[in-house]
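Report on the structure given below.
The values are calculated or read from the model by the stated rules, or taken from the named source; none is laboratory data. Everything numeric in this text was worked out from a predicted model, so none of it was measured. Please note: Cβ atoms are built from the backbone with ideal geometry, for glycine as well, and neighbour counts cover all protein chains shown. Side chains included, ligands, DNA and RNA excluded: accessible areas come from the protein's heavy atoms. Shrake-Rupley method; radii C 1.70, N 1.55, O 1.52, S 1.80 Å.
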Amino acid sequence: MIKLVLFSFLVFFSFFSVIARQGMWVPVLLQENIDEMQQMGFTLSADDVYNVNHSSLKDAIVLFGRGCTGELISNDGLLVTNHHCGYGQIQSHSSIEHDYLTDGFWAMNRNEELANEGLSVTFLIEMREVTDEVLAGTDTINDAILIQDKISENIEFVKNEAIAGTHYEAVVKPFYNGNQYYVFVNERFTDVRLVGAPPSAIGKFGGDTDNWMWPRHTGDFSLFRIYAGPDNKPADYSPNNVPYQPRKFFPIDISGINSGDFTMVFGYPGTTQQYLFSKAVQQIVEQRNPDRVAIRDAKLKILAEKMDANRVTRIQYAAKYASTSNAWKKWQGETKGLKRLNAVEIKLASEKLFDEWVNSNIDRENKYGNVLNTFDELYDQLLPYQKAKDYFDEIVMRGTDSYRAYSRLARNVRDKDTIDVDKELSFFDEHFKDVDPVVDSEVFVSLFQKYFYETDQRFIPEELSSLFATDNAYDVLLKIHNSSLLNSSQELKALIEKNDVERFKKALINDELFKLFESMSRIYYDSIFTQHRSISQKIEKNQKLYVEALLEKENDKMMYPDANLTMRVTYGKVEGYRPSDGVTYKHYTTLDGIIEKDNPEIYDYDVPDRLRELYLKSDFGQYANNKGELPVCFLASNHTTGGNSGSPVINAKGHLVGINFDRCWEGTMSDIMFDPEMCRNISLDMRYMLFVIDKFAGASYLLNEMQIVK
């Protein structure tokens with residue numbers, strides 16, 4: 001064990017020797033990284049990447065929706081992101097008559113582009129550090145709640161000051177666990193229209209089987225267009241709006257990608273946890289990930305069976321299945337990767353050095369001497385509540401469609417004396433459009449059995465326990481769900497249309513499923529959530545102190561802050577990897593691999609006839625590489641995570657060569673621990689995207705507004 005820990009410890013420090021391939025760097029501070037980037041081949045300056053006073057690469061990048069990235073590829077607001085990022089919009093426009101998921105969608109002129117209610121894109125105008133302003137006045141306050149109140153007050157002042165007299169929006173985000181703060185001034189556009197999307201047999205090729213895997217052959221892209229008012233400023237949807245004229249857009253480079261080429265990913269990574277305590281990592285590996293994977297296993301099995309049997313169900317549940325399976329598979333890879341790296345042992349070795357550093361100085365000992373012991377105690381306290389919370393989140397809150405209906409209706413029952421009939425009918429029309437009551441009933445019964453038998457009894461309400469006291473709990477649960485208003489579109493909407501508040505509330509209060517969800521929610525907030533939040537807040541406070549100490553300890557090194565859905569830069573190079581003994585992956589895939597996987601019997605591998613025809617003719621146009629192959633995807637060593645989906649992959653000249661869409665399965669632990677030998681981001685080659693638009697879809701008119709570099 002001593003040898004193993006020592007080896008892991010040495011591996012840990014080897015990570016820092018290749019820091020160029022690790023890190024999500026703040027663009028306003030890129031001057032600290034630019035020398036290294038240029039040594040790796042980058043030809044632009046830090047000002048070319050981020051600048052407030054003139055256009056820069058940041059001006060061609062957007063936060064797409066709530067959690068993806070997109071980039072501008074024309075001067076007429078044409079935007080590209082992943083197919084899976086636009087999946088919800090593509091699905092919302094799909095029906096049996098117009099199945100855009102299966103068949104794809106291409107607007108052949110701007111009048112055919114489809115509006116998307118609720119979709120927005122956000123540009124970063126400026127970011128700057130505001131730590132002193134946010135923490136002003138807190139040094140004289142001793143009470144933790146009053147400190148947070150003062151911070152909140154200061155944040156509101158900073159935000160209002162940052163956007164005074166403008167149409168911009170502002171958000172303040174903590175960095176380094178609250179040791180620094182930055183304000184982000186943004187411009188948000190809400191008229192964003194669907195322009196094009198390949199069929200799922202291209203945009204989602206390989207489906208869940210290939211998700212997180214390499215080799216990959218997925219044409220994961222979709223096209224949208226941003227519209228603005230006549231003044232080029234954000235405006236609500238109107239037929240009179242015009243295509244947005246961006247400050248910057250990316251030229252698309254089709255000259256080729258070679259192993260060793262510099263790459264930069266620029267986007268909005270969601271969450272990383274690089275500075276987690278060892279026991280937190282241990283609990284993720286041993287409890288959290290296995291629990292959540294097992295729950296989603298049960299749900300996915302039911303959904304897959306029903307989707308395979310019925311085309312309507314497949315359309316209804318396509319986005320839900322993809323969303324559920326994405327994290328399910330990622331957690332499995334993450335667990336495997338953390339075990340392979342001996343992550344807990346590495347953390348323990350690092351914490352031992354930290355402890356020695358703290359205890360070598362009396363001032364540090366007084367300030368930081370209790371940090372590690374406090375973590376140890378708090379994570380032990382959190383463990384049972386974390387398990388209960390994960391079960392509630394996965395089974396109750398995210399498990400069934402009927403709970404979503406309950407959540408909506410519960411607010412009406414508690415807080416409202418009137419019913420907004422049109423608003424509620426609109427919500428439930430959209431809700432039930434993607435619900436099959438039979439499917440939801442099966443999911444409900446299966447998951448609630450897991451909740452009862454696998455959760456600590458103190459977190460099970462009496463109402464659920466009484467159901468399982470009978471000999472036929474399965475049938476009782478099924479009957480409760482099948483007979484509920486929450487599972488019946490016609491009955492629920494008929495009740496809303498009557499606009500009788502008392503009758504409405506009485507019907508819900510007497511509904512057995514509604515009552516069961518009420519009891520589940522009550523025990524969650526009374527016995528799980530409150531305790532979990534209290535302990536988590538103490539952990540967060542201790543984490544802030546821990547990271548403060550790390551910043552002090554490593555003050556001669558560059559430490560990047562964890563991702564928090566703010567704009568970041570990560571850089572590396574095009575390269576393959578060796579996932580296991582005797583196996584070596586090269587850095588790119590081609591259309592040959594798609595044809596090799598072709599199987600009309602499997603939805604995710606059924607290659608479209610048109611694509612097969614183009615392949616047989618070798619009709620690749622200008623998009624073939626120098627070997628005559630049509631490139632599809634490629635690997636690079638950029639440090640990415642969720643939120644980087646859709647991010648531009650930029651070459652040494654600042655040109656767009658790919659669209660980031662995934663990571664390799666062996667490297668999914670990179671949110672917690674980065675391994676330069678295994679962590680690879682997977683990207684769509686722009687040559688394949690242009691080929692699909694031009695040769696496959698016949699929408700070559702779109703290329704006329706792009707700047708293509710050969």
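Mind checking which pairs have a first residue in the stretch 543-570 that is within 12 Å of Gly23 (Cα to Cα) and a second that is hydroxyl-bearing (Ser, Thr, Tyr), Cβ under 6 Å, 6 or more apart or different chains?
Every condition considered, the pairs that remain are Pro561/Tyr176; Asp562/Thr272; Ala563/Thr271; Ala563/Thr272; Ala563/Thr641.
Residue-wise test of (1) under 30 Å from Thr335 (Cα atoms); (2) open to solvent by 40 Å² or more (accessible area, probe 1.4 Å); (3) assigned to a helix (DSSP H, G or I).
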site: Thr166; (1), (2), (3): no, yes, no
site: Val183; (1), (2), (3): no, no, no
site: Trp212; (1), (2), (3): yes, no, no
site: Gly219; (1), (2), (3): yes, no, no
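Could you tell me which residue of the stretch 343-382 is nearest to the chain's Cα centre (by Cα), considering only residues that are under 30 Å from Gly333 (Cβ atoms) and β-branched (Val, Ile, Thr)?
Filtering first and then ranking leaves Val344.
Against the definition (touching a helix residue (DSSP H, G or I) at 6+ places or on another chain (Cβ under 9 Å), on the phi > 0 side of the Ramachandran plot and either aliphatic (A, V, I, L, M) or open to solvent by 30 Å² or more (accessible area, probe 1.4 Å) (or both)), how does Asn499 come out, yes or no?
So Asn499 passes the test.
Residues checked against (1) open to solvent by 40 Å² or more (accessible area, probe 1.4 Å); (2) of a type in the set (A, V, I, L, M); (3) modelled with pLDDT of 95 or more:
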| site | (1), (2), (3) |
| --- | --- |
| Thr271 | yes, no, yes |
| Gln287 | no, no, yes |
| Asp297 | yes, no, yes |
| Tyr317 | no, no, no |
| Lys329 | no, no, no |
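Of all the residues that make up the stretch 68-84, how many are part of a loop (DSSP other than H, G, I, E, B) and farther than 25 Å from Ala201 by Cβ? Don't jump to the end; show me each part of the working.
Of the stretch 68-84, the ones part of a loop (DSSP other than H, G, I, E, B) are 73-77, 82-84.
Narrowing the set further to residues that are farther than 25 Å from Ala201 by Cβ leaves 74-77.
Residues meeting the conditions: 4.
Of the conditions (1) modelled with pLDDT under 95; (2) surrounded by 13 or more Cβ atoms within 10 Å (Cβ to Cβ); (3) of a type outside the set (Ser, Thr, Tyr), Asn142 satisfies every one except a single condition; which number is it?
Of (1) modelled with pLDDT under 95; (2) surrounded by 13 or more Cβ atoms within 10 Å (Cβ to Cβ); (3) of a type outside the set (Ser, Thr, Tyr), only one is false for Asn142: (2).
Mind telling me which of the residues Thr584, Thr589 ends up being loosely packed, with under 13 Cβ neighbours inside 10 Å, within 28 Å of Gly337 (Cβ to Cβ) and at pLDDT 95 or above?
Working: Thr589 fails: loosely packed, with under 13 Cβ neighbours inside 10 Å.
Residue meeting the stated conditions: Thr584.
Considering Leu303, Leu276, which residue is outside any helix (DSSP H, G or I) and in contact (Cβ under 8 Å) with a residue 24 or more places away in the chain? Quick ask: steps written out before the conclusion?
On the way: Leu303 fails: outside any helix (DSSP H, G or I).
Being outside any helix (DSSP H, G or I) and in contact (Cβ under 8 Å) with a residue 24 or more places away in the chain holds for just one of Leu303, Leu276, which is Leu276.
Looking at the stretch 150-157, can you tell me whether even one residue there is surrounded by 20 or more Cβ atoms within 10 Å (Cβ to Cβ) and closer than 28 Å to Gly70 by Cβ?
Among the residues of the stretch 150-157, at least one is surrounded by 20 or more Cβ atoms within 10 Å (Cβ to Cβ) and closer than 28 Å to Gly70 by Cβ, which makes the answer yes.
Output the number of residues of the stretch 537-546 satisfying the condition of being surrounded by 17 or more Cβ atoms within 10 Å (Cβ to Cβ) and either farther than 17 Å from Asn373 by Cβ or among the hydroxyl-bearing types (Ser, Thr, Tyr) (or both).
Residues in the stretch 537-546 being surrounded by 17 or more Cβ atoms within 10 Å (Cβ to Cβ) and either farther than 17 Å from Asn373 by Cβ or among the hydroxyl-bearing types (Ser, Thr, Tyr) (or both): 1 in total.
For residues in the stretch 600-626 being within 28 Å of Lys710 (Cα to Cα), aliphatic (A, V, I, L, M) and surrounded by 11 or more Cβ atoms within 10 Å (Cβ to Cβ), which is nearest to the chain's Cα centre (by Cα)?
Leu611
Out of all the residues in the stretch 642-664, which are among the hydroxyl-bearing types (Ser, Thr, Tyr) and open to solvent by 10 Å² or more (accessible area, probe 1.4 Å)?
Scanning the stretch 642-664 gives a single hit, Ser645.
Any chance you could count how many residues in the stretch 195-206 are farther than 20 Å from Gly698 by Cβ and open to solvent by 10 Å² or more (accessible area, probe 1.4 Å)? Let's see the steps before the verdict.
Restricting attention to the stretch 195-206, the residues satisfying the condition of being farther than 20 Å from Gly698 by Cβ are 204, 206.
Subset that is open to solvent by 10 Å² or more (accessible area, probe 1.4 Å): 204.
Going through the stretch 195-206 one residue at a time, the tally reaches 1.
With the condition kept exactly as written, say whether any residue in the stretch 515-526 is open to solvent by less than 60 Å² (accessible area, probe 1.4 Å), without any contact (Cβ under 8 Å) to a residue 40 or more places away in the chain and within 17 Å of Leu485 (Cβ to Cβ).
Within the stretch 515-526, not a single residue is open to solvent by less than 60 Å² (accessible area, probe 1.4 Å), without any contact (Cβ under 8 Å) to a residue 40 or more places away in the chain and within 17 Å of Leu485 (Cβ to Cβ).
So, in the stretch 357-374, exactly how many residues are touching a residue at least 12 places away in the same chain (Cβ under 8 Å) and either in contact with a Ser or Thr (Cβ under 8 Å, 6 or more places away or on another chain) or open to solvent by 10 Å² or more (accessible area, probe 1.4 Å) (or both)?
Number of matching residues: 5.
Say whether the condition of being over 24 Å from the mean Cα position of the chain (by Cα), over 23 Å from Phe250 (Cβ atoms), without any contact (Cβ under 8 Å) to a residue 40 or more places away in the chain and open to solvent by 10 Å² or more (accessible area, probe 1.4 Å) is met by at least one residue in the stretch 628-641.
Within the stretch 628-641, one or more residues are over 24 Å from the mean Cα position of the chain (by Cα), over 23 Å from Phe250 (Cβ atoms), without any contact (Cβ under 8 Å) to a residue 40 or more places away in the chain and open to solvent by 10 Å² or more (accessible area, probe 1.4 Å).
Could you give every pair whose Cβ atoms fall below 7 Å, whose first residue belongs to the stretch 242-266 and is without any contact (Cβ under 8 Å) to a residue 60 or more places away in the chain and under 25 Å from Asn109 (Cβ atoms), and whose second residue is crowded, with 23+ Cβ neighbours inside 10 Å and not small (Gly, Ala, Ser), counting only separations of at least 6 or pairs across chains?
Taking only residues 6 or more apart or on different chains, the pairs are Val242/Tyr227.
Within the stretch 370-379, can you find the residues that are under 15 Å from Val344 (Cβ atoms) and not aliphatic (A, V, I, L, M)?
Scanning the stretch 370-379 gives Phe375, Asp376, Tyr379.
Looking only at helices (runs of 4 or more DSSP H) that fall completely inside the stretch 401-489, which ones have 3 or more residues that are among the aromatic types (Phe, Trp, Tyr)?
421-433, 437-454
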